[in-house]
Structures are given as C-alpha cells and as structure tokens.
Amino acid sequence: MIPLPRSFFRRPAEVVARDLIGATIVSALGGARVTGHISETEAYLGRDDPASHAYRGRRHTGNASLYGRPGTWYVYRSYGIHWCANLVCTSPGGGGAVLLRGVLPLEGLDVLRRRRGPVPDRRLSDGPGKLCQALGITRSLDGLMMRESPVVIGVERKRPIGEVLVTPRIGITRAADWPLRFVSNADSSSRRL
C-alpha cells in the first residue's frame, strides 16, 4: 500500500476528516501487522476552534507536534488514561488536525483481541482510545511524519463506505455542536449519534 501523500493533509481538517473515511490504516507497531478501514473521524480546526488543543494559539511541549507539517502524527493522552491519534492538517503552524475515532479491523484480529482483552469484536477499535490500544499506538508516534512511521494510511483498498454521516462531535464540552464528526453509515458499530 502506498501511504497518502503530504498534499492530502494540506487541506482543511474537515475535508481531510471526511476523505479519510474508508481509507486503510496499517500498523506495524509491536512487531505485528494490524490493518483496518477508518470508519469514524473528527475534525479540529485549530486556533479558532474552542475544542482544539491549538485554540487561540496555545503552545506547550505536549502539543508541539500539532503545529508540525501536514501529515504529522499528534498523539496525546486523554484524561490521563487513553492515547488519542491525530493527523495534522492545513498548513504548518495552523494547528488543525483530524482525530481518528474508529477503525473496522481487517487483519490481525488475534493481535487486536490480545491487546484489547475480552471485548466483542465490534468493540475492538470503536473509539479513539480503543483504536490506539488495538493498533499499539502510544506517544512514541507523536511528531513522526505518517509516511515514514510504523503506522500508515493509504487508499489502495478503500472500502465502500455508503453515505458519510456528519454529526456534532462527541466526548467534548466546547463547540460540541459543530458538525465535524464523520462516520460511515456502513459501520453500524460506531454510530453513536
């Protein structure tokens, strides 16, 4: 699979978030190959988005990667518990990003089950923290260019996605009503509308 080019991420976060639905993600972390189709994303618009870690240009060591080049991984801890994986969008320094919220597993189910424990298969990677645990994503990915990292995304085997549902974002308190969450209606397991 050929990873998406950097130019794919040099667009507004909401455009990238929609276009990632159905794309294939491949993780080689932990010495195991795991693949899936991206089924849910959320866009964060940067400096003018109250829910973004780049709101009003906030900068600190924890969000430095958010200001990197388009196509850079930005990985952070949510509530000090779960890793969340984002890809930087727009232009360098803009702070826009797409949060990966859900993946439909294709290969490596045994690895996903081992990493996630005794949960139903439909729940292996149907949330941002679950997705990171299932794919082996940690802060070690933060700041790496996606194309040169052990986790890549491409569209060679893009899955038929049906209609892409657009809903308000979930799991946040600021600007939660903004319609920046994108979900494949072919994936009934992640439709928490």
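For the stretch 136-148, the candidate set comprises residues that are among the small types (Gly, Ala, Ser) and surrounded by fewer than 21 Cβ atoms within 10 Å (Cβ to Cβ); within that set, the residue that is nearest to Cys89 (Cα to Cα) is Gly143. Selection of the stretch 55-92 for residues being closer than 21 Å to Leu4 by Cβ, loosely packed, with under 15 Cβ neighbours inside 10 Å and either in contact with a helix residue (DSSP H, G or I) (Cβ under 9 Å, 6 or more places away or on another chain) or without any contact (Cβ under 8 Å) to a residue 40 or more places away in the chain (or both) yields Arg69, Pro92. Beta carbons closer than 6 Å, at least 6 apart along the sequence or on distinct chains, pair a first residue in the stretch 110-129 that is farther than 24 Å from Phe182 by Cβ with a second that is among the polar types (S, T, N, Q) for Arg115/Gln133.
Read-outs throughout are calculated quantities, based only on the coordinates presented, and are distinct from any laboratory measurement. Keep in mind that what you see is a predicted model, and the values were worked out from it rather than measured. Virtual Cβ from ideal backbone geometry, glycine too; neighbours counted across all protein chains shown.
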